[in-house]
Amino acid sequence: ISDEWMLISAGNEKKYNMMTASWGFMGEIWGEDSVVIFIRPQRYTFDFIEDGEYFAISFLPDGYKEQLSFCGTKSGRDFDKVKETGLTPVTNDKAPYFAESKVVLICRKMYGQSLNADSVVDESVFSAYAPDGSDYHKMYISEIEKVLVKE
């Protein structure tokens, strides 16, 4: 995930947003194949994730770093990311994703918790990440409900 990046998208066919992320991991918890993502509350996509039950994670093939970089550095509040990147939204599932994707995970939220200063065990981890102690992400543990693979 940290090398290829992922595009997290949430919302519905009328209104959605996406953002690039490089933090996260996959595994199993509570008997479910799961993914864990982290999103800052300041991000526009945060509200879409909070308001919905589902989100999608899209992994794009090689050659899309410019589009991923745009989606990770520009806000959907200020830009039409689909127009700017040329990505093709697919909105006929439980969460929007992109036709160009080589792999898509449709995820259902199971648990969300804001990271906070009281829970930090190793201060050195956060000294560069949140030096003033105010920029904590929210963590979402989510079931991978469906996997789409482009053949």
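Remarks
- The number of residues in segment 64-82 being touching a residue at least 60 places away in the same chain (Cβ under 8 Å) and small (Gly, Ala, Ser) comes to 1.
- Among the criteria (1) farther than 22 Å from Glu143 by Cβ; (2) over 11 Å from the mean Cα position of the chain (by Cα), the one Arg40 does not fulfil is (2).
- Answer residue from segment 43-59, given it is free of Cβ contacts under 8 Å to residues at least 40 places away in the same chain and open to solvent by less than 40 Å² (accessible area, probe 1.4 Å) and is nearest to the chain's Cα centre (by Cα) among those: Thr45
- Check on Ala117, modelled with pLDDT under 95 and of a type in the set (A, V, I, L, M, F, W, C): yes
- Count - residues of segment 1-42 that are assigned to a strand (DSSP E or B), surrounded by fewer than 18 Cβ atoms within 10 Å (Cβ to Cβ) and of a type in the set (S, T, N, Q): 0
- Segment 63-83, residues that are surrounded by 14 or more Cβ atoms within 10 Å (Cβ to Cβ) and either part of a helix (DSSP H, G or I) or in contact with a Leu (Cβ under 6 Å, 6 or more places away or on another chain) (or both): Gln67, Leu68, Phe70, Cys71, Gly72, Lys81, Val82
- Some residue of segment 36-45 being touching a His at 6+ places or on another chain (Cβ under 7 Å) and hydrophobic (A, V, I, L, M, F, W, C): yes
Conditions tested, residue by residue: (1) open to solvent by less than 30 Å² (accessible area, probe 1.4 Å); (2) among the hydroxyl-bearing types (Ser, Thr, Tyr); (3) more than 19 Å from Met6 (Cβ to Cβ).
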{"residue": "Pro61", "(1), (2), (3)": "no, no, no"}
{"residue": "Thr88", "(1), (2), (3)": "no, yes, no"}
{"residue": "Lys102", "(1), (2), (3)": "no, no, no"}
{"residue": "Leu105", "(1), (2), (3)": "yes, no, no"}
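- Matching residues, segment 93-107, being in contact (Cβ under 8 Å) with a residue 40 or more places away in the chain and outside any strand (DSSP E or B): Asp93, Lys94, Ala95, Pro96, Glu100, Ser101, Lys102
- Figure legend. Inter-residue proximity from segment 19-32: first residues of a type in the set (S, T, N, Q), second residues open to solvent by less than 60 Å² (accessible area, probe 1.4 Å) and not in a strand (DSSP E or B), beta-carbon distance below 9 Å, spacing 6+ or different chains. Indicated pairs: Thr20/Gln67; Thr20/Leu68; Thr20/Ser69; Thr20/Phe70; Thr20/Cys71; Thr20/Gly72; Ser22/Ile1; Ser22/Gly72.
- Positions within segment 108-122 being open to solvent by 60 Å² or more (accessible area, probe 1.4 Å), outside any loop (DSSP other than H, G, I, E, B) and more than 25 Å from Ala95 (Cα to Cα), in sequence order: Asp118, Ser119
The values are calculated or read from the model by the stated rules, or taken from the named source; none is laboratory data. This structure is a prediction, so every number in the text was calculated from the model and none was measured. For neighbour counting, all protein chains shown are included, and Cβ atoms are generated from backbone atoms with ideal geometry for every residue, glycine included. Accessible surface is based on the protein model in full, side chains and every heavy atom, while ligands, DNA and RNA are left aside. Shrake-Rupley method; radii C 1.70, N 1.55, O 1.52, S 1.80 Å.
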